[in-house]
1. For LYS192, work out the one condition from (1) touching a strand residue (DSSP E or B) at 6+ places or on another chain (Cβ under 9 Å); (2) in the same structural domain as ASP79 (by TED's automatic domain parsing); (3) surrounded by 15 or more Cβ atoms within 10 Å (Cβ to Cβ) it doesn't fulfil.
2. Pick from region 247-272 the residues that are surrounded by fewer than 13 Cβ atoms within 10 Å (Cβ to Cβ) and within 36 Å of the chain's Cα centre (by Cα): which of them is farthest from PRO292 (Cα to Cα)?
3. Taking the options VAL18, VAL46, name whichever one is under 24 Å from PRO198 (Cβ atoms) and not polar (S, T, N, Q).
4. Looking at region 229-253, I want the residues that are within 21 Å of THR269 (Cβ to Cβ) and have a partner that is assigned to a helix (DSSP H, G or I) and of a type in the set (Lys, Arg) with Cβ atoms under 8 Å, at least 6 apart or on another chain. Which pairs are those?
5. Would you be able to say whether some residue in region 151-159 is surrounded by 14 or more Cβ atoms within 10 Å (Cβ to Cβ), in contact with a Gly (Cβ under 8 Å, 6 or more places away or on another chain) and outside the structural domain of ARG202 (by TED's automatic domain parsing)?
6. Going by the structure shown, is ILE290 touching a residue at least 40 places away in the same chain (Cβ under 8 Å), of a type in the set (A, V, I, L, M) and touching a Lys or Arg at 6+ places or on another chain (Cβ under 6 Å)?
7. For region 128-159, enumerate the residues that are under 25 Å from the mean Cα position of the chain (by Cα) and within 19 Å of ALA114 (Cβ to Cβ).
8. Under 7 Å between Cβ atoms, at least 6 apart or on separate chains: pull out the pairs that start in region 132-143 with a residue that is over 16 Å from SER122 (Cα atoms) and surrounded by 12 or more Cβ atoms within 10 Å (Cβ to Cβ) and end on any residue that is of a type outside the set (S, T, N, Q) and modelled with pLDDT of 95 or more.
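The values are calculated or read from the model by the stated rules, or taken from the named source; none is laboratory data. It should be emphasised that the depicted structure is a prediction, and the values quoted were computed from it without experimental measurement. Glycine also receives a Cβ, built like all others from the backbone with ideal geometry; neighbour counts cover every protein chain displayed.
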Amino acid sequence: MLRLVIPKGSLEPQTLAVLEAADLPVRRGSDRDYHGTIDDPRIDRVSILRPQEIPRYVQEGFFDIGITGLDWVAETAADVDVLGELAYSGRAGGGVVRIVLAVPLDSPATSLAALAPDSRISTEYPELTRRAFDKAGIPVRVYLSYGATEAKVPEIVDAVVELTETGSTLRRNGLKIIDTLLESHTVVIANKESAEDPAKRRAMEDLLTLIRGATSARGRVLVKMNVSEDNLEKVLEILPAMKAPTISKLTHEHDYAIETVVEKVRINTLIPELLQRGASDIIEIPISKIVP
């Protein structure tokens, strides 16, 4: 039913992992194959292409649904439906990256509006950059970069527009961020005509539910424990939860069973403190999906 396209490159490993966790594993003959299959009746075929190309191909109807970065939707100005955001990126693994304007450390400019007219700018996002400076009424010369963008300052260009998550690479190359043009994240997009088809729309929403469930579960575990009535309040004081812990009275008159979802990074410090506060029989269980 659906023709799906997913991103190659930095987003590829995490996208494949999320689809696997969503019980939608992509099967290919080798890691170099650009086409694959998913054993699900809602998906006819899968292609793996550069994220830069995906918005336009989805707009043109070559695919019904795709996963790419919001930055490339903005750069291409593709007329697609954004069905939802996904909480991961291709850099350090976080959910949000920024498209920023950066200049040499000794530059007097402190914002996009303060950049001198006719400045030279290197970027992988020429259209997004032109639109930002046109809106500010500042004429600039934009040069398309094919990589190592930050290395071109100051000998070739005066500034760069670059994708970053932490800004560390820019700082190492003697640059400072003076403005943010766009905050980007991974998104699921759909061809507008396909999204208007009731059967395809239902299939898209089903897939989005599974994928969101898998991304919501990443970095979280289910923790179960037993607690006596005397220690219940002390344990609940430190116990995190998505909404509230689930508490069930055991057959023993004064004991309770508690379960809650916890961020994985907290578990190593949480378990010892739970023991100190009287919890026992603590069990940590991996989670594959969380569907609200």
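1. Every listed condition holds for LYS192 apart from (3).
2. Selected residue: PRO272.
3. Only one candidate passes the filter, namely VAL46.
4. Matching pairs, first to second residue: PRO240/ARG266.
5. yes
6. no
7. THR129, ARG131, ALA132
8. Correct list of pairs: ALA136/LEU112; ALA136/ALA113.
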